[in-house]
């Protein structure tokens, strides 16, 4: 039974920590965006894109968690009550890249998005520069996601 507990801890870790990164990132960029919208509501579409980008980390963590739960039978039936401690530990370790990577990159992407919002508040025509700069952080979130995803899929 300890194996299942460790695997579920991994699923929780991926969702909780990647989600915290997204919440902080989306929150800080949205705060900046609201200030700009108070001055110019026509910027809503551009701001929304930048505000949403840090939210992907939480989504990546959620996907990894769902796959872990499918693999161990929590979702879809067939719970593996005889799972070894080592297998459970492997699921926990597989969740670390997106948990830690999502936490750090979500906050970093929120900062980048906030800076981008400041840029387009002054020069709306520089939206593409703000967008590209903000998505640079996404590369590292995607790498963390892929490492966790491929690891969890290999365990299933």
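The values are calculated or read from the model by the stated rules, or taken from the named source; none is laboratory data. Keep in mind it's a predicted model, so treat the numbers as computed, not measured. Cβ coordinates were reconstructed from backbone atoms using ideal geometry, including for glycine residues, and neighbour counts include every protein chain displayed.
Go through the residues of the range 112-125 one by one and say whether even a single one is surrounded by fewer than 22 Cβ atoms within 10 Å (Cβ to Cβ), without any contact (Cβ under 8 Å) to a residue 24 or more places away in the chain, out of contact with any helix residue (DSSP H, G or I) (no Cβ under 7 Å at 6 or more places or on another chain) and not in a helix (DSSP H, G or I). Yes. Residues in the range 80-105 that are part of a loop (DSSP other than H, G, I, E, B) and in contact with a helix residue (DSSP H, G or I) (Cβ under 7 Å, 6 or more places away or on another chain) were compared, and the one that is surrounded by the most Cβ atoms within 10 Å (Cβ to Cβ) is 83. Summed over the range 25-36, the residues that are surrounded by 17 or more Cβ atoms within 10 Å (Cβ to Cβ) and over 10 Å from residue 117 (Cα atoms) give a count of 3. Looking across the range 50-78, the residues that are over 18 Å from residue 9 (Cβ atoms) and at pLDDT below 95 come down to 76, 77, 78. Every test in (1) free of Cβ contacts under 8 Å to residues at least 12 places away in the same chain; (2) over 15 Å from residue 11 (Cα atoms); (3) in contact with a helix residue (DSSP H, G or I) (Cβ under 9 Å, 6 or more places away or on another chain) is passed by residue 150 save one, and that test is (2). Screening the candidates 138, 39 for the property of being surrounded by fewer than 24 Cβ atoms within 10 Å (Cβ to Cβ), touching a residue at least 60 places away in the same chain (Cβ under 8 Å) and closer than 28 Å to residue 12 by Cα yields one hit, 138. Can residue 12 be described as touching a residue at least 12 places away in the same chain (Cβ under 8 Å), buried (at least 23 other Cβ atoms within 10 Å of the Cβ) and either over 30 Å from residue 130 (Cα atoms) or in contact with a strand residue (DSSP E or B) (Cβ under 9 Å, 6 or more places away or on another chain) (or both)? Spelling it out, it is not the case that residue 12 is touching a residue at least 12 places away in the same chain (Cβ under 8 Å), buried (at least 23 other Cβ atoms within 10 Å of the Cβ) and either over 30 Å from residue 130 (Cα atoms) or in contact with a strand residue (DSSP E or B) (Cβ under 9 Å, 6 or more places away or on another chain) (or both).
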